[in-house]
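Notes follow once the structure below has been shown.
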Amino acid sequence: MKFFHLLSFFLLLISISIPSTSARFFPNISSIPPGFIPNGTQSAWDGFKKFAGCQTGQKQDGLSKLKQYFNHFGYIPSSLSNFTDDFDDVLETALKTYQRNFNLNVTGELDQQTLDQLVRPRCGNADIVNGTTTMNSGKWTTSPHFHSVGHYTFFPGNPKWPEDQRDLTYAFWPGNGLTAEDKSVFSRAFARWAAVIPMTFTETNSYIGADIKIGFFSGDHGDGESFDGVLGTLAHAFSPPSGRFHLDADENWIVSGDISTSSLPSAVDLESVTVHEIGHLLGLGHSSVEDAIMYPTISSRTKKVELASDDVDGIQELYGRNPNYNGTTISTPSVQERETSGSSHVNSRSAPLALMTVGLAFLPFL
């Protein structure tokens, strides 16, 4: 125990001594004078739009980057890495699988509908893991009143938190310097999941001892999953029981106000992304149901925080049902704080982020 206290103190000293870089955080974007809004409004994938109408057998500069995109999200096997600019069978196969997963017309061509989906900001977690996709497989789920088809998925092997770890703790990297309002965004997000399953989430000041470790990073941050600047991939989280949850510090994060009226085209709602990534932390993969929280993409200037029935069915298959859950709609959790040495406790209800970050390469492995 003494070792962990010393290590936590050491990490705190590091966070103080290493220069921090600010994530792009705006509490209320409408109040920001236009001259103070940073540049950087284009997604890393906007260049894909030039491929409109490209078909099998053709060659076009930059198609290799599209293949890298599909490789990153699991549509092209990792064993294939020597990508060319040819629209070959490998690309066509990946494209058809992608179209099927996102409920698009399965044409194998880069039509406008497909390109519009490809350039949307999204979670950095892969849609296909170990060559297997289940996003659009469909499965029958039952309730006392009806049968429904679900498209929720799990990580390979269906990992979940053990039975003796259903009261989880979470902490922020000491260099983040979050305010109480900042942290409440995460508290609300955790509460949405706690409302439907028998689990609790409690903030702790001990980063090294927390079950879930949260941080904001730029570019290559040491876990093999680099961020790419404004839009593109927004965040990623690892399957249980890793507990690692990373967000891209370069995004223009919004934590309050009406994001739909934002004057910043690249504004991203932090709570929406956080709710999605917590689903991964608990063991859910991506869903092909567009209304579901676990759908892989979200447009900028969009808020999406309510769990859909597909999310609820999936998470309850892993952990069972919260006895206090009424089985119908999930409303925004109310605020409840526990005054225990600066920590907050999330049960089926909770409390609502300014963020700063350090780009420390070894941090994601802690």
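Magnitude of the charge dipole for segment 208-328, about its Cα centre and with charges confined to Cβ atoms of Lys, Arg (+1) and Asp, Glu (-1), is about 240 debye. Checking the Cα-Cα distances for 67/160; 50/183; 67/213; 65/213; 213/304; 160/304 against a 30 Å cut-off, the pairs over it are 67/160; 50/183; 67/213; 65/213.
Distance between the modelled labels on residue 242 and residue 107, one decimal in nanometres: 3.5 nm (7 Å Cα→Cβ projection).
Centre-to-centre, using Cα atoms only, segment 199-218 and segment 83-104 are separated by 38 Å. P(r) tail for segment 184-317: Cα pairs beyond 22 Å make up 35% of the total. Set the Cα radius of gyration of segment 244-289 against 2.2 N^0.38 Å, with N its number of residues, and you get 1.31. On the beta carbon distance between residue 61 and residue 324, with R0 = 56 Å, the FRET formula returns roughly 0.50. The alpha-carbon positions of segment 145-249 define a convex hull whose volume is 162 Å³ per residue. Spin-label model, residue 158/residue 116: points 7 Å from Cα along the beta carbon direction are separated by 3.7 nm.
Restricting segment 159-245 to GluC sites (Glu not before Pro) that sit in a DSSP loop and have at most 15 other Cβ atoms within 10 Å of their own Cβ leaves 163. Taken along the Cα-to-beta-carbon direction at a fixed 7 Å, the label points for residue 80 and residue 226 span 2.3 nm. Along the axis of the charge dipole computed for segment 238-336 (Cβ charges of +1 for Lys and Arg, -1 for Asp and Glu, origin at the Cα centre), the listed residues 283, 302, 323 are led at the positive end by 323.
Here, each number is a calculation from the coordinates, and none is a lab measurement. Owing to the predicted nature of the structure, the values given are computational and were not obtained by experimental measurement. Note: ideal-geometry Cβ built from the backbone for every residue, glycine included; neighbour counts use all protein chains shown.
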